[in-house]
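One structure is given below, encoded as structure tokens.
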Amino acid sequence: MEDMFNTTILCNNCNRQTKKSYITKHGFKIRTMDCNKCSKTWYHPADLQDYKNFSKIKDKKFQVKLRFVGNSYAVSIPREIIQFKELQRELNQILHLNLESPEKLSIIFSKKIRRIL
């Protein structure tokens, strides 16, 4: 199915062609179509839905159990987070773990590699 934002969209107020753009909210890139004349903005529905799904679990506090497994410790990641990140297909995926401060441990699901030319 082709994305509707790959076509020309006219503003329903002034009948002018809209311009593709995007906004960033909490690390999410939400594609928009903007009318320069009347300052109206339309958000990409799929991007907006992804952001709403993220917002539902963003401030939710999860209690997880720390377990001893072999020579390491294990923490379970709640199903809601795995389903949101669509990681259930990639169960053996490598995650990045970082100790940010004595009280804060971060798990990074994907790391974008930037190449400097």
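The values are calculated or read from the model by the stated rules, or taken from the named source; none is laboratory data. Just so it is clear, the model here is predicted, and its values are computed rather than measured. Cβ: placed from backbone, ideal geometry, glycine included. Neighbour counts: every protein chain shown.
Here are a few things to note about the model shown:
- Residue check, I82 assigned to a loop (DSSP other than H, G, I, E, B), over 27 Å from E2 (Cβ atoms) and out of contact with any Gly (no Cβ under 8 Å at 6 or more places or on another chain): no
- Some residue of the range 15-26 being out of contact with any strand residue (DSSP E or B) (no Cβ under 8 Å at 6 or more places or on another chain), outside any loop (DSSP other than H, G, I, E, B), loosely packed, with under 13 Cβ neighbours inside 10 Å and not assigned by TED's automatic domain parsing to the domain that holds F84: yes
- Just one of the listed residues (I116, I57, I82, I94) is at pLDDT below 85, within 27 Å of T24 (Cβ to Cβ), within 13 Å of the chain's Cα centre (by Cα) and of a type in the set (V, I, T), namely I82.
- Test set (1) in a loop (DSSP other than H, G, I, E, B); (2) among the small types (G, A, S); (3) surrounded by 12 or more Cβ atoms within 10 Å (Cβ to Cβ) - S39 fails condition number: (3)
- Scanning the range 60-88 for residues that are of a type in the set (A, V, I, L, M) and over 18 Å from I108 (Cβ atoms) yields L66, V69.
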